[in-house]
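The values are calculated or read from the model by the stated rules, or taken from the named source; none is laboratory data. In this text the structure is predicted, and so the values were computed from the model without any measurement. In this analysis, Cβ positions are derived from the backbone assuming ideal geometry, glycine residues included, and neighbour counts consider all displayed protein chains.
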Amino acid sequence: MRDRVETLADWRTDTSRLRSSYRRLAASRLPVNLYSARAQSQRRAALLLHGIAGGAGSWEELDGRELADDTRGDRTSVLLGGTTGGVALPFKTGLIAAAGAGTLFLTNIEKLPERARHVLCRMVETGRYTPVGDPFPRPVNCRLIIATRQPLSIMARGFELEWEVADTLGHVSLRAETVIRALAAEEAFNQHPNTLAAAS
């Protein structure tokens with residue numbers, strides 16, 4: 001019984017360290033590549049990272065399939081950055097502004113045309129975006145989570161996307177199931193601390 005309790009304590013320490021690392025990662029606003037063969041796991045892990053700090057802000061989503069025909073990247077710029085309004089285009093809040101300090105969750109990035117992916121990478125590299133019709137760039141405050149079947153680096157090796165994408169967006173790649181185990185398990189312990197403490 002005591003061995004079991006000690007194993008449980010070690011397990012909790014490991015998950016606590018992981019949770020602490022994930023919290024620092026979320027606060028850093030670095031883009032995160034969550035990979036899993038299951039879309040459900042990708043989404044669950046992303047939601048756990050989104051809510052790890054509490055009061056995490058807005059959640060916005062972009063499916064690359066929606067922009068599969070945007071070969072010039074113009075629609076991607078408008079959808080992400082929005083417009084300030086005017087004669088040619090009405091005012092539109094972009095996904096980056098709508099997410100605020102929250103999360104922009106991107107799926108099917110390989111379906112985006114190369115030019116559209118370049119627009120996204122430039123926003124991440126510079127940390128700024130410029131709404132159409134606005135001469136002044138604005139800071140990107142949201143965290144970007146890119147959900148894929150495999151790590152972006154492996155997808156780049158398979159010529160599914162460019163190395164620029166893997167280097168810019170895939171520097172931090174995490175298996176979705178690992179994130180779920182660490183964060184969901186820690187939440188379970190926090191919800192039932194007396195039950196587990198009594199075992200010792």
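Look at (1) in contact with a Lys or Arg (Cβ under 8 Å, 6 or more places away or on another chain); (2) among the β-branched types (Val, Ile, Thr); (3) at pLDDT below 90 and you find that Ile109 fails only one, number (3).
For region 146-177, filtered to residues that are among the β-branched types (Val, Ile, Thr) and without any contact (Cβ under 8 Å) to a residue 60 or more places away in the chain, the residue that is nearest to Arg38 (Cα to Cα) is Ile154. Scanning region 125-149 for residues that are surrounded by fewer than 20 Cβ atoms within 10 Å (Cβ to Cβ) and under 19 Å from Leu104 (Cα atoms) yields Glu125, Thr126, Gly127, Arg128, Thr130, Pro137, Arg138, Pro139, Asn141, Arg149. Could you give every pair whose Cβ atoms fall below 9 Å, whose first residue belongs to region 122-145 and is free of Cβ contacts under 8 Å to residues at least 24 places away in the same chain and farther than 20 Å from Trp59 by Cβ, and whose second residue is surrounded by 15 or more Cβ atoms within 10 Å (Cβ to Cβ) and of a type in the set (S, T, N, Q), counting only separations of at least 6 or pairs across chains? Note: pairs meeting the criteria are Arg122/Thr168; Phe136/Thr130; Pro137/Thr130. Based on this model, can you work out whether Thr130 counts as in contact with a strand residue (DSSP E or B) (Cβ under 9 Å, 6 or more places away or on another chain) and of a type in the set (S, T, N, Q)? Yes, satisfied.
Among the residues of region 50-77, those identified as among the aliphatic types (A, V, I, L, M) and either touching an Asp or Glu at 6+ places or on another chain (Cβ under 8 Å) or at pLDDT below 90 (or both) are Ile52, Ala53, Ala56. Cβ-Cβ contacts under 8 Å between residues 6 or more apart (or on different chains), taken from a first residue in region 55-80 that is free of Cβ contacts under 8 Å to residues at least 40 places away in the same chain to a second residue that is surrounded by 19 or more Cβ atoms within 10 Å (Cβ to Cβ) and part of a loop (DSSP other than H, G, I, E, B), are listed as Leu79/Gly94.
The set of residues in region 59-98 that are crowded, with 23+ Cβ neighbours inside 10 Å and touching a Cys at 6+ places or on another chain (Cβ under 8 Å) contains only Ile96. For region 152-186, the set of residues classified as in a loop (DSSP other than H, G, I, E, B), closer than 19 Å to Thr107 by Cβ and either of a type in the set (S, T, N, Q) or more than 13 Å from the chain's Cα centre (by Cα) (or both) consists of Gly158, Glu160, Leu161, Glu162, listed by residue number.
Taken over region 115-146, the criterion of being part of a helix (DSSP H, G or I) and charged (D, E, K, R) is satisfied by Arg115, Arg117, Arg122, Glu125.
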